[in-house]
Amino acid sequence: MRISLRKYLGGDRVIWVIILLLSIYSLLAVYSSSGILVFRNPGTSSAHFIAKHTSFLITGLIIIYFIHRVPYRYFSKLSQILLIIAIPLLLVTLFFGEDINRASRWLEIPLIGMSFQPSDFAKLALIMYVARVLSHEQDNIEDFYKAFLPIIIPVGIVCLLILPENLSTSLILFATCVILMFTGRIRSRYLVILFLIGIIALGSYVAVVVLTEREGRVGTWEKRIENFFDKDTEDYQVEQAKIAIASGGLFGKFPGNSTQRN
């Protein structure tokens, strides 16, 4: 039985454990927050939302299982196709994306009616592509034109397309790619130049938005920075979080008993 499980599951045990723990924790989170959803949607119950979330989890675990059975070499080839698809999707999102919570980060899938963030798709495609180039060009890893340039052009395009509506995702993705390049033995001076270019690009974008008097997401960034440093005013979400921590005590109120969710 044990040999059979290793044969069909395989992979990194730690990753499997993390996936299962996060899945269980997500069920607790849905159960805890479902009370207010039931109140807003008469005729529903907590069981309805838990069952719906469970179906998503089961579907996700099945997808994870089958993907982990695919040899990594196929993903190396697939990364080029995914990147070619991701860039046009980001362009469409930038100009015609669905506005949710004052940010145009979403696209709606026709007929199905479900929305998704192309930036999530682009993150996966870009990281796979960077890993592919680093692996294939190890013999020329210090060459600017053969190793660094084929990586930095897609990284720059994808991060710049994500930047206007999702600064945090753009910065995290950029940092992840830099770490990959550092691990892949790209020359340090190239990475320093890349870091400086990133700062200049971000500063230029903010300057253009401010000079043209277009609020965009820059206004949101400015307010968040002001709220962080201004001790006299408290951000609504931060205030609710502090109340929840204070009223929960050392061990919390346990799932289903929270009050700040309301």
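Counting only residues that are open to solvent by less than 20 Å² (accessible area, probe 1.4 Å) and closer than 19 Å to residue 208 by Cα, which one in segment 165-182 is modelled with the highest pLDDT? Here the residue is 170. Scanning segment 20-37 for residues that are open to solvent by 40 Å² or more (accessible area, probe 1.4 Å) and under 17 Å from residue 257 (Cα atoms) returns 25, 27, 28, 29, 31, 33, 37.
Residues that are without any contact (Cβ under 8 Å) to a residue 24 or more places away in the chain and either touching a Gly at 6+ places or on another chain (Cβ under 8 Å) or open to solvent by less than 60 Å² (accessible area, probe 1.4 Å) (or both) within segment 71-96 comprise just one, 71. Looking across segment 115-155, the residues that are of a type in the set (Gly, Ala, Ser) and closer than 15 Å to residue 184 by Cα come down to 131, 135, 147. Among the residues of segment 202-217, some residue qualifies, meaning at least one is among the aromatic types (Phe, Trp, Tyr) and either at pLDDT below 85 or in contact with a strand residue (DSSP E or B) (Cβ under 7 Å, 6 or more places away or on another chain) (or both).
Annotation note: Cβ proximity below 6 Å between a residue of segment 237-259 that is surrounded by 12 or more Cβ atoms within 10 Å (Cβ to Cβ) and a residue that is at pLDDT 85 or above (sequence gap 6+ or interchain) occurs for 255/28.
Of note, residue 93 does not satisfy the criterion of being in contact with a strand residue (DSSP E or B) (Cβ under 9 Å, 6 or more places away or on another chain), closer than 21 Å to residue 204 by Cβ, assigned to a helix (DSSP H, G or I) and hydroxyl-bearing (Ser, Thr, Tyr).
The values are calculated or read from the model by the stated rules, or taken from the named source; none is laboratory data. What you are looking at is a predicted structure, and each value in this text was computed from that prediction instead of being measured. Ideal geometry is used to build each Cβ from the backbone, glycine not excepted, and the neighbour counts take in all protein chains shown. Surface areas here come from the heavy atoms of the whole protein model, side chains and all, with no ligands, DNA or RNA. Shrake-Rupley method; radii C 1.70, N 1.55, O 1.52, S 1.80 Å.
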